[in-house]
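Chemist: After the structure tokens below, expect a handful of questions from me.
The values are calculated or read from the model by the stated rules, or taken from the named source; none is laboratory data. As the structure is a computational prediction, the values presented were derived from the model and not from experiment. Cβ atoms come from the backbone with ideal geometry, glycine included; neighbour counts cover every protein chain shown. Surface accessibility is based on the protein's heavy atoms, side chains included, excluding ligands, DNA and RNA. Shrake-Rupley method; radii C 1.70, N 1.55, O 1.52, S 1.80 Å.
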Amino acid sequence: MTNVLVIHGAGMEKRGIDQIDVFGTMKLDDYNDAINKFSSDLDISIEIFHSNDDAELISKILNAESDFDGILINPAGFTKGFPKLSDCISKLKIPSLEIHVSNPAKRGRESDIAPACYGVITGAGVYGYYLGMMALKNISST
């Protein structure tokens, strides 16, 4: 069974409360419910981790290789200006995919995390996590 670490970065607890015009009305718990359903549908084991502290994310990522086949990361508030986070992701021996519910490029935002990742999924809403899990399952089986 594929084992995936799902990471929510800074500010994700504000989803459904702030910037509804960009991110919609789903709250973080709604995201997690959908992600858990997607993982069940795809027969994937997941752990969901959220932190507003980049050092906590870095520590979690650095310890992920022994327990996970891949990582889905929505860096949220850590998308820009956190070089230690992107550096840590770039050194992984397991694939990582950056996920964004909206499309940051549409808002003029360029991700510092994207170049460190195996791939990026943006603008597909919460379904982007499903696409990411499918991709990681496929990548880890080849």
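Chemist: Restrict the check to the range 53-76 and report whether at least one residue is assigned to a loop (DSSP other than H, G, I, E, B), touching a helix residue (DSSP H, G or I) at 6+ places or on another chain (Cβ under 8 Å), touching a residue at least 40 places away in the same chain (Cβ under 8 Å) and under 18 Å from Asn32 (Cβ atoms). Let's see the steps before the verdict.
Modeler: Step one: list which residues in the range 53-76 are assigned to a loop (DSSP other than H, G, I, E, B), which gives 53, 63-69.
Then keep just the ones that are touching a helix residue (DSSP H, G or I) at 6+ places or on another chain (Cβ under 8 Å); that gives 69.
Those left that are additionally touching a residue at least 40 places away in the same chain (Cβ under 8 Å): 69.
Adding the requirement that they be under 18 Å from Asn32 (Cβ atoms) leaves none.
The answer is no, given that none of the residues of the range 53-76 is assigned to a loop (DSSP other than H, G, I, E, B), touching a helix residue (DSSP H, G or I) at 6+ places or on another chain (Cβ under 8 Å), touching a residue at least 40 places away in the same chain (Cβ under 8 Å) and under 18 Å from Asn32 (Cβ atoms).
Chemist: Considering the range 86-127 alone, what residues qualify as being in contact with an Asp or Glu (Cβ under 6 Å, 6 or more places away or on another chain) and either among the acidic types (Asp, Glu) or open to solvent by less than 60 Å² (accessible area, probe 1.4 Å) (or both)?
Modeler: Passing the criteria: Ser86, Ile94, Ile113, Ala114, Cys117.
Chemist: Further question on the same structure: In the range 24-42, what count of residues is obtained for those that are open to solvent by less than 90 Å² (accessible area, probe 1.4 Å), of a type outside the set (S, T, N, Q) and either within 10 Å of Val126 (Cβ to Cβ) or modelled with pLDDT of 95 or more (or both)?
Modeler: The number of residues fulfilling the criteria is 8.
Chemist: Would you be able to say whether some residue in the range 96-105 is over 17 Å from Ser59 (Cα atoms), under 12 Å from the mean Cα position of the chain (by Cα) and not in a strand (DSSP E or B)?
Modeler: Yes, some residue in the range 96-105 is over 17 Å from Ser59 (Cα atoms), under 12 Å from the mean Cα position of the chain (by Cα) and not in a strand (DSSP E or B).
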